[in-house]
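Colleague: This structure is in structure tokens; I'll ask about it shortly.
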Amino acid sequence: MKRLSIIIILMTMSFFGFSQDWFGFNRYKADNEQIISSKNYPKVVFMGNSITDNWAYFHPNFFSDNNFCGRGIGGQTSAQMLVRFYDDVVALHPKAVVIMAGTNDVAHNTYWVEPNQVVENIKAMCDISKANNIVPIISSIPPCAEFVWNKDIKNAAETIVSINNVLKEYANANKLIYVDYHSILADEKSGFQKSLSDDGCHPNPDTYFMMEEMVMKTIKKVVK
């Protein structure tokens with residue numbers, strides 16, 4: 001129960017002050033400035049929402065030991081990530097970026113976004129990455145059948161599968177890397193396996209080990 005409470009807090013804390021910083025520019029501003037001034041650039045930036053934010057919180061050694069950088073902000077949609085993409089990714093000069101977006105779009109966190117717009121926002125992040133010699137790695141949206149913070153959404157699992165299918169097709173057509181976390185985390189109904197998530201949407205701390213094994217195989221192919 002304590003672990004679930006921590007996850008919910010991390011997921012929602014970024015909402016406070018959104019009227020002043022809706023896109024989350026200030027969250028990593030000081031850290032980014034320190035990296036840029038020292039020129040100690042990360043090999044890989046992980047861009048995302050609370051799932052990425054929690055990842056860096058629960059597994060800090062995974063990031064520090066590999067010279068990776070977590071840039072997740074709880075509650076964010078793909079549009080918010082797109083707007084801060086330059087500050088939190090491009091300006092840090094990584095060799096690659098792992099993009100995980102879409103969960104909060106499906107949950108209607110800010111406003112209703114058509115699934116195709118989620119894909120377009122992720123495509124835009126990939127285009128910006130390639131224009132700046134950063135290898136984009138597209139992550140599937142992890143499974144979720146019900147959002148604990150918005151139970152009015154009744155078709156979450158199906159919508160996530162649909163978006164993931166389009167993302168995979170886009171990646172294949174453009175010779176980009178697609179990391180399919182969904183395939184190892186989902187149950188037979190495309191929800192999150194109960195043993196791997198406390199709330200049906202966010203990975204448990206130990207679940208990140210599975211995700212790390214999968215993404216590291218990809219990163220080692222593109223980052224030397």
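Colleague: List the lysines whose Cα sits under 18 Å from the Cα of Lys29, skipping any in the same chain fewer than 8 residues away.
Modeller: Within the straight-line limit of under 18 Å, Lys29 reaches these lysines: Lys39.
Colleague: Rounded, prolate or oblate, given the Cα gyration tensor of the range 28-93, with a/c below 1.5 counting as rounded?
Modeller: oblate
Colleague: Go through the range 127-171 and name the trypsin sites (Lys or Arg not before Pro) that are in a DSSP coil and have 11 or fewer other Cβ atoms within 10 Å of their Cβ.
Modeller: Lys151, Lys154
Colleague: Moving on to the next point. Would you tally the net charge around Gly48, using a Cβ to Cβ cut-off of less than 11 Å, leaving Gly48 out, and scoring K and R as +1, D and E as -1?
Modeller: Net local charge, Gly48 excluded: -1.
Colleague: Here's something else I'd like to know. Would you mind putting 193-200, 139-146, 58-65, 36-43 in packing order, based on average other-beta-carbon counts within 10 Å, highest first? Please list the in-between numbers first.
Modeller: Details: 193-200: 16.5, 139-146: 23.9, 58-65: 13.9, 36-43: 12.0.
Packing proxy ranking, top to bottom: 139-146, 193-200, 58-65, 36-43.
Colleague: Let me ask something else. Of the peptides 179-189, 68-78, how do they stack up when ordered by the mean number of other Cβ atoms within 10 Å, highest first?
Modeller: 68-78, 179-189
Colleague: In what sequence, highest mean first, do 122-128, 79-85, 49-55 appear when ranked by Cβ atoms within 10 angstrom?
Modeller: Going by the mean number of other Cβ atoms within 10 Å, highest first, we get 49-55, 79-85, 122-128.
Colleague: Further question on the same structure: Pull out the extension gain between Asp206 and Val166, defined as 0.36 nm times the separation in residues minus the alpha carbon to alpha carbon distance; nm, one decimal.
Modeller: Residue separation times 0.36 nm, minus the Cα-Cα distance, leaves 11.5 nm.
Colleague: I'd like the antiparallel share, as a percent to the nearest 5, of DSSP beta bridges with both residues in the chain. Mind showing how you got there, number by number?
Modeller: On the way: 3 of 19 bridges.
Here the share of antiparallel DSSP bridges comes out near 15 percent.
Colleague: Using alpha-carbon pairs under 8 Å, 6+ residues apart, how would you state the relative contact order of the chain in percent?
Modeller: 18 percent
Colleague: Which links in Lys130/Lys217; Lys123/Lys220; Lys43/Lys130 stretch past 18 Å when you go from one Cα to the other?
Modeller: Lys130/Lys217; Lys123/Lys220
Colleague: Let me ask something else about it. Which of rounded, prolate, oblate describes the range 99-222, given a ≥ b ≥ c as roots of the alpha-carbon gyration tensor eigenvalues and a/c under 1.5 marking rounded, otherwise prolate only if a/b is larger than b/c?
Modeller: Because a/c hits 1.5 or more and a/b fails to exceed b/c, the range 99-222 counts as oblate.
Colleague: Then there is this: As an exercise, identify the chymotrypsin sites (Phe, Trp or Tyr not before Pro) in the range 124-174 lying in DSSP coil whose Cβ has no more than 10 other Cβ atoms within 10 Å.
Modeller: none
Colleague: If one computes the Cα centroid of the range 134-185 and of the range 71-124, what distance in Å separates the two points?
Modeller: Here the two parts' Cα centres lie 13 Å apart.
Every read-out reported here was derived from the displayed coordinates using simple, explicitly stated rules and does not represent laboratory data. Remember, it's a predicted structure, so these values are computed and weren't measured experimentally. Positions of Cβ are generated from backbone atoms using ideal geometry, with glycine treated the same way; all protein chains shown enter the neighbour counts.
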